[in-house]
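The values are calculated or read from the model by the stated rules, or taken from the named source; none is laboratory data. Values in this document were obtained by computation on a predicted structure and should not be read as measured data. Note: ideal-geometry Cβ built from the backbone for every residue, glycine included; neighbour counts use all protein chains shown.
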Amino acid sequence: MTIQLLSMGVIGVRLLDCILTSSATHPDELADQIVNEINHYLVKAPLSEKPLLFHLACEVHEALSDRFGRVDSLQVRRDVANMMGLLIYRARMTANQSR
């Protein structure tokens, strides 16, 4: 599922880097950093990507806090990256429905 993340291009690479290199210990900290990365990119994002990014940012906090207690191990970070692939898929479906 990391392929979903990388298929997003620049923002996908930035999000993967954020997930793998963050100093966060708790899911909310990592979710904040992911959402900040999305918000930073959102200003420059093409109009066609904005609904997807918005829906993705809306789901990150809940998804991380529901599934993870701590996010400070490499295996958990890999799991977060894989989970982001699922969130991207869901965000694409939601963004496409609202068109």
**Message:** Under 8 Å between Cβ atoms, which residue pairs at least 6 apart in sequence (or on different chains) link something in segment 81-97 that is under 15 Å from Lys50 (Cβ atoms) and in contact (Cβ under 8 Å) with a residue 40 or more places away in the chain with a partner that is among the polar types (S, T, N, Q) and in a helix (DSSP H, G or I)?
**Reply:** Ile88/Gln4
**Request:** Could you tell me which residue of segment 44-59 is surrounded by the most Cβ atoms within 10 Å (Cβ to Cβ), considering only residues that are closer than 18 Å to Ser7 by Cα and of a type in the set (A, V, I, L, M, F, W, C)?
**Result:** Leu56
**Prompt:** Of these, Ala91, Ala57, which one is among the small types (Gly, Ala, Ser), in a helix (DSSP H, G or I) and modelled with pLDDT of 95 or more?
**Reply:** Ala57
**Asked** What tally of residues in segment 60-88 results from selecting those that are within 14 Å of Ile19 (Cβ to Cβ), polar (S, T, N, Q) and in a helix (DSSP H, G or I)?
**Response** 2
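Residue-wise test of (1) in contact with a helix residue (DSSP H, G or I) (Cβ under 6 Å, 6 or more places away or on another chain); (2) among the β-branched types (Val, Ile, Thr); (3) surrounded by fewer than 18 Cβ atoms within 10 Å (Cβ to Cβ).
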| residue | (1), (2), (3) |
| --- | --- |
| Ala31 | yes, no, no |
| Asn39 | no, no, yes |
| Leu42 | yes, no, yes |
| Arg70 | no, no, yes |
| Val80 | yes, yes, no |
| Leu86 | no, no, yes |
| Ala95 | yes, no, no |
**Residues of segment 80-99 satisfying the condition of being more than 11 Å from Ala63 (Cβ to Cβ) and not hydrophobic (A, V, I, L, M, F, W, C)** = Asn82, Gly85, Tyr89, Arg92, Thr94, Asn96, Gln97, Ser98, Arg99
